[in-house]
Amino acid sequence: MRLEIVLEKLEKLFRDWGLEKDDWILIANYALKLQGYLYKLRKGHFNTMVNKNKLPWDVKEGYEIFPPKNSEWTKKLSLWMKSTGFETDLIAYSSQKLKKYIKYTILYRLPNDREIRLLTMEGNLKILDDYLVHCNEKEVGKGKGVYLLKVIENMCRAARKKGDIRAVSLSNKILKKYEYLRKKEECFKKKGKEFKGIVAYKGKVVGKATIIPGKGEKIRKAIRGKILVTKMTSPKFTAITDKIKAIITDDGGRLCHAAILAREFKIPCIIGTKIATKVLKDGDLVEVDADKGIVRILEKAK
């Protein structure tokens, strides 16, 4: 499906939610592509900044959010994802904070004559500068910060190719400012047949592990009644969360996407293990003790 058609459908979805053109902004990779930057795309994935004060549901916590379980808004979002093959992160900001970034946007006219806002390269760098402050265990996790530093390096290369010297200078300044995030952090180690992580939602379950290593990987496996093991969740996992027993992730903090997803669906969740996708294999029988933040391997798959 053509990118413009996907964006038309997304704009309509947001209008159905009550968001007008000044209430949301397309940011990151596709926004930069539409502005002529030669930037490596995360195919089929949008990043959108939305006004949480204008959303039709109450946003309780988190930065990357999603509609409430079994709501009409969730159904409409799932239908958009299914019909287009795309997904989108919903990054929630207050009306006041969103206004701060409006001045770094340009209007982009779609084939149906509707307009959407694209965040400029300078705006994208400024929002990452603000977001990196929250990359700690209490919020979205240090792993997210390391990932975003790599994103900024790619943005810097794209800006250099386009001759955007101002953006090159700003990106280098941010990279230097947050270089400390790359320092090796203490890792939860595997002891015998168990390892630790951070409790995101309490509970204790036993089940077989199913491994989906990366955000970009399509979910083709039978997952009903399984324990999802992944580096970090993305919006596409929302459609399967009511089918799984628990979530274990490599990355994340207490306000990461996986943690908020688990609390919304009330399923046991242990995040930030660093090693789950390396240690566990498909079919391993595991116990998720999310009261204590421990994952136990009860039986290895044959």
>> Connecting C-alpha atoms closer than 10 Å in a GNM of the chain, tell me which of Glu287, Glu122, Glu72 has the biggest fluctuation.
In response: Glu72
>> How much of the pair distance distribution for the stretch 194-299 lies past 21 Å, counting alpha-carbon pairs only, in percent?
In response: 18
>> As I understand it, the value is the acute angle between the Cα axis of helix 121-131 and the longest principal axis of the Cα atoms of the chain; what does it come to in degrees, rounded to 10?
In response: 40
>> Out of all DSSP beta bridges in the chain, what portion is antiparallel? Express it as a percent rounded to 5.
In response: 60
> Which whole-number percent is the relative contact order of the chain (Cα, under 8 Å, 6+ apart)?
Replying inline: 17
> With the dipole of the chain worked out from charges on the C-beta (+1 for Lys and Arg, -1 for Asp and Glu) around the Cα centre, which of Ile297, Ala158, Asn47 lies farthest toward the positive end?
Replying inline: Ile297
> Just how far, in whole angstrom, is the stretch 104-137 from the stretch 249-302 if you go by their alpha carbon centroids?
Replying inline: 32
>> As a test of the formula, what do you get for the chain when each DSSP H run with n ≥ 4 contributes -39,500 (n - 2.57) and the sum is divided by the residue count, at 222 nm and rounded to the nearest 500 deg cm²/dmol?
In response: -10000 deg cm²/dmol
> Relative contact order for the stretch 91-232: what is it in percent, counting Cα pairs under 8 Å that are at least 6 residues apart?
Replying inline: 13
>> Rounded to the nearest 20 debye, what is the charge dipole size of the chain about its Cα centre when +1 sits on each Lys and Arg Cβ and -1 on each Asp and Glu Cβ?
In response: 940
> Among Ile116, Val146, Trp73, whose Cα lies farthest out toward the positive end of the dipole of the stretch 3-182, if unit charges sit on the beta carbon of Lys, Arg (+1) and Asp, Glu (-1)?
Replying inline: Val146
> According to the Kirkwood expression over distinct Cα-Cα pairs, how big is the hydrodynamic radius of the stretch 101-155, in Å?
Replying inline: 12.8
>> Just to be sure I understand: with springs between alpha-carbon atoms less than 10 Å apart, which residue in Arg117, Arg160, Arg254 has the highest mean-square fluctuation in the Gaussian network model of the chain?
In response: Arg160
> Which FRET efficiency value, to the nearest 0.05, is calculated for Arg166 and Leu41 with the Förster distance at 25 angstrom and r the Cβ-Cβ distance?
Replying inline: 0.60
> Per the Debye formula with a single identical scatterer at each Cα and no solvent contribution, what log10 I(q)/I(0) holds for the stretch 147-260 at q = 0.09, 0.13, 0.23 Å⁻¹?
Replying inline: -0.37, -0.68, -1.28
> Based on the Cα atoms of the chain, what semi-axes does the equivalent ellipsoid have, where each is the square root of 5 times one gyration tensor eigenvalue, given in whole Å with the largest first?
Replying inline: 33, 23, 17
> How about the stretch 30-93: which trypsin sites (Lys or Arg not before Pro) there lie in a loop by DSSP and see at most 11 other Cβ atoms within 10 Å?
Replying inline: Lys43, Lys60
> What angle, in degrees between 0 and 90 and rounded to the nearest 10, separates the Cα long axis of helix 72-84 from the longest principal axis of the Cα atoms of the chain?
Replying inline: 80
>> To test your reading of the geometry: what angle, between 0 and 90 degrees and rounded to tens, separates the Cα axis of helix 165-177 from the longest principal axis of the chain?
In response: 30
>> Assuming 0.36 nm per residue, please report the length gained on full extension of the stretch Ile240 to Ile102 beyond their Cα-Cα distance.
In response: 46.2 nm
> For the stretch 1-112, treating each Cα as an identical point scatterer without solvent, what Debye log10 I(q)/I(0) comes out at q = 0.10 1/Å?
Replying inline: -0.28
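Every number here is computed from the coordinates shown, using simple stated rules; none is lab data. The shown structure was predicted, so the numbers you read here are calculated from the model rather than taken from an experiment. Quick reminder, even Gly has a Cβ in these numbers, built from the backbone with ideal geometry, and neighbours come from all protein chains shown.
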